Amino acid sequence: MTPSAREKRRRKWNELRPAARAASSRSIDPGETCDDGNVADGDCCSATCEPADAGTACASDGNGCTDDVCDGGGSCVPLPNGAACDDGVCCNGADTCSGGSCALHAGDPFAGGAACNMVLQ
Ligand SMILES: [Ca+2]
Ligand SMILES: [Ca+2]
């Protein structure tokens, strides 16, 4: 007699459940190298609890002044970069990322002129 579809699902679940539970325990269990509390891939710690190589891109934190990469230990870390950015302020000149934020400014592009204090006429 062949097992019913329901019985097959039950068996599959029982087969997968211990691994899913172990991988989602947020603690390093025997046989795991990392544990981020989920069973997803692509987040620096794979579904089988193997860490991604250091430098592998991971989910953006929404900050363009950091490169989000795996640290090799299973975590996604934001590394400050030196990308061009825009703080929306014209009078401090072109902007560059520093220390993880849009903090470096080239200075007043209109120095010597009155443009930064310009009042619409
Ligand atoms: Ca970022
Ligand atoms: Ca600016």
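What follows draws every value from the coordinates through simple rules; no lab data is involved. Computed from a predicted model, the values in this text were never measured in an experiment.
Want the number for Glu50 to Ala103: 0.36 nm per residue separation, take away the alpha-carbon distance, what's left? All intermediate terms of the calculation are to be shown ahead of the outcome.
Numbers: separation 53, 0.36 × 53 = 19.08 nm, distance 3.62 nm.
Result: 15.5 nm gained on full extension.
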Self-check item: Prolate/oblate/rounded label for segment 32-106 (Cα gyration tensor, a/c 1.5)
Solution: prolate
Quiz item: Could you give the length gained on full extension between Asp61 and Ala83, defined as 0.36 nm per residue of separation minus the Cα-Cα distance, in nm?
Solution: 6.4 nm
